[in-house]
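One structure is given below, encoded as structure tokens.
The values are calculated or read from the model by the stated rules, or taken from the named source; none is laboratory data. No experiment lies behind these values; they were computed from the predicted model shown. Because the Cβ atoms are built from the backbone with ideal geometry, glycine has one as well, and the counts that use them run over all protein chains shown. What goes into the accessible areas is simple: the full protein's heavy atoms, side chains included, and nothing from ligands, DNA or RNA. Shrake-Rupley method; radii C 1.70, N 1.55, O 1.52, S 1.80 Å.
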Amino acid sequence: MKVAKGRGVLMVLPSDPEGPMIDLIEWLEPQAKFMRIPLCEDEVPRIIAFRTKNLHAAYDDLMNKGVKFTRELWGPQPDLGIVGVCCCFDPNGNLIELIELNPGQRHSKAEVLVKSG
């Protein structure tokens, strides 16, 4: 996407700050729409994202198993703290994002870049 603006919340268990995290985002610009194939460059689809370890190996493994991706694995992107990110389709056609962040990092640094940019 060339431009994206949203608001969100990161949720973690206070008793397990390094454990599971849910990142809920409401896309304001462009507005999210229900997915249709093929995806348009200026639309934000509804997805579920999973923080992943060893993303490059997971990507290769899923590709070898015939999983369909929206594009090649993207990253690294050091300014955002992203090791890599990719989106694929689950067996039901839902869009799944897999993202690996720098070690010890809880979320991307996109907000910092927007404020400074």
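Within region 97-117, the set of residues being at pLDDT below 90 and farther than 18 Å from residue 8 by Cβ comprises 102, 103, 104, 116, 117. Restricting attention to region 63-81, the residues that are modelled with pLDDT of 90 or more and open to solvent by less than 50 Å² (accessible area, probe 1.4 Å) add up to 4. The residues on offer are 49, 32, and the sole one that is of a type in the set (Gly, Ala, Ser) and modelled with pLDDT under 75 is 32.
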